[in-house]
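Participant: Here you go, one structure.
The values are calculated or read from the model by the stated rules, or taken from the named source; none is laboratory data. Not measured: the values here are computed from a predicted model. Neighbour counts run over all protein chains shown; Cβ positions are idealised from the backbone, glycine included. Remember, those area values only see protein heavy atoms, side chains included, never the ligands or the DNA or RNA. Shrake-Rupley method; radii C 1.70, N 1.55, O 1.52, S 1.80 Å.
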Amino acid sequence: MEIKIGTQLQLEPTYTEKMEKFNCKVLEQEEHILYIDYPVNMATQKTAFLIDGSEFRATFRTETNHSFAFNTEVIGRKAGTIPMIMLHCPKPEEFIKIQRREYVRVETPVDVAVQFQNYKYQLVAADISAGGLALTLKGEVAFNEGDEVDLTIVLPFANGDVKYILTAATVVRIFEKDHKRIVTIQLTDTDDVDQQHIVRFCFERQLVNHRKETDPFHS
């Protein structure tokens with residue numbers, strides 16, 4: 001699969017506290033390089049001048065209405081009648097199909113502190129999404145299904161950044177699976193910036209898992 005000329009791209013900065021989105025169009029393509037027109041900030045409708053080395057999550061929709069995403073960065077500019085920005089284009093097998101019906105849930109270990117009344121538990125999530133997570137319990141806990149808890153979620157990104165997400169949540173279900181006690185928790189008070197951090201973390205981990213599946217020699 002390839003990105004066709006004229007495809008609309010939506011760009012979101014990968015590592016930033018600001019929630020920005022930019023629209024642009026693919027004008028030319030060479031191997032591993034996409035040439036786009038200067039993006040427009042979707043909120044201000046002003047032209048954006050992207051800095052070389054800036055990293056983004058790009059999303060696009062195919063003619064068959066399937067949505068895909070990939071990580072990219074600005075690698076230069078090309079002068080001409082229409083000035084263009086050059087983006088790195090990964091291999092098609094590194095594109096991630098976006099599931100629109102719900103938040104993408106990724107199986108990856110994540111450290112989570114759970115506060116319930118005067119009790120605090122240091123646990124590890126078995127999977128996570130922007131809507132909730134599943135934790136593996138160690139021993140007995142004071143909370144039950146339906147209880148409100150406070151979470152501190154630690155998100156380690158590939159570039160070395162670590163984000164700490166503080167959010168209220170609700171205990172949905174406690175059950176046993178494969179001889180382990182699991183609790184599923186729904187996030188109930190995550191602000192937009194923190195939710196965006198979780199979405200980006202899930203996308204990054206999904207990309208890593210995808211590479212491991214497609215490349216048996218990937219470490």
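Participant: Quickly work out the VAL154-to-VAL208 label distance, labels modelled 7 Å from Cα along the C-beta direction, and quote it in nm with one decimal.
Facilitator: Inter-label distance under the simple model: 1.4 nm.
Participant: Calculated from the structure, Kirkwood radius over Cα pairs in Å equals which of (1) 18.0; (2) 17.6; (3) 19.2?
Facilitator: (3)
Participant: Leaving out ligands, DNA and RNA, what percent of the accessible area of the chain is carbon and sulfur, probe 1.4 Å? Working shown, then result.
Facilitator: Numbers: 5990 of 12560 Å².
Summing carbon and sulfur atoms, their accessible area is 48 percent of the total for the chain.
Participant: Which is farthest toward the positive dipole end of the chain among ILE198, VAL183, PHE68, measuring Cα position about the Cα centre, with Cβ charges +1 (Lys, Arg) and -1 (Asp, Glu)?
Facilitator: In the chain, that residue is PHE68.
Participant: A further question follows. Can you work out ³J(HN,Hα) from phi for every residue in the stretch 140-151, in order, using Karplus 6.51 cos²θ - 1.76 cosθ + 1.60 and θ = phi - 60°, giving whole Hz and x for Gly and Pro?
Facilitator: Using θ = phi - 60°, the values come out as 7, 10, 7, 8, 10, 4, x, 6, 8, 10, 10, 10 Hz.
Participant: Also: Tell me which of VAL172, TYR38, VAL154 sits at the most positive position along the dipole axis of the chain, charges placed on C-beta atoms (Lys, Arg +1; Asp, Glu -1).
Facilitator: TYR38
Participant: For the chain, modelled as a Gaussian network with Cα springs under 10 Å, which listed residue fluctuates most, ALA125, ALA158, ALA58?
Facilitator: For the chain, modelled as a Gaussian network with Cα springs under 10 Å, the answer is ALA158.
Participant: Compute, for HIS210, the solvent-accessible surface of its heavy atoms (probe 1.4 Å) with the complete set of protein chains present, and express it in square angstrom to the nearest 10.
Facilitator: 50
Participant: Nearest 10 degrees, 0 to 90: what angle lies between the long axis of helix 192-214 and the longest principal axis of the chain (Cα atoms)?
Facilitator: 80
Participant: Further question on the same structure: Check ILE33: other-chain or 5+ apart residues with amide H under 5 Å from its amide H, H built from backbone geometry?
Facilitator: CYS89
Participant: For ASN118, put the label point 7 Å out on the Cα→Cβ axis and report which residues of the stretch 135-165 keep their amide N under 16 Å from it.
Facilitator: The answer is 142-143, whose backbone nitrogens lie closer than 16 Å to the label point.
Participant: Taking the full set of protein chains and a 1.4 angstrom probe, give the accessible area of PHE175 in square angstrom, rounded to the nearest 10.
Facilitator: Counting only protein heavy atoms, PHE175 exposes about 50 Å² to solvent.
Participant: I would also like to ask the following. Take peptides 129-138, 3-12, 76-85 and line them up by average Cβ neighbours within 10 Å, highest first, as a rough protection proxy. Please report the intermediate quantities before stating the final value.
Facilitator: Details: 129-138: 17.9, 3-12: 16.3, 76-85: 12.7.
Listed from highest to lowest mean packing, they are 129-138, 3-12, 76-85.
Participant: Right, here's the next one. From the helices alone, meaning DSSP H stretches of at least four residues, give me the mean residue ellipticity at 222 nm for the chain, per-run term -39500 (n - 2.57), in deg cm²/dmol to the nearest 500. Mind dumping the intermediate values first?
Facilitator: Working: 1 runs with 23 residues, N = 219.
Calculated at 222 nm, the ellipticity per residue is -3500 deg cm²/dmol.
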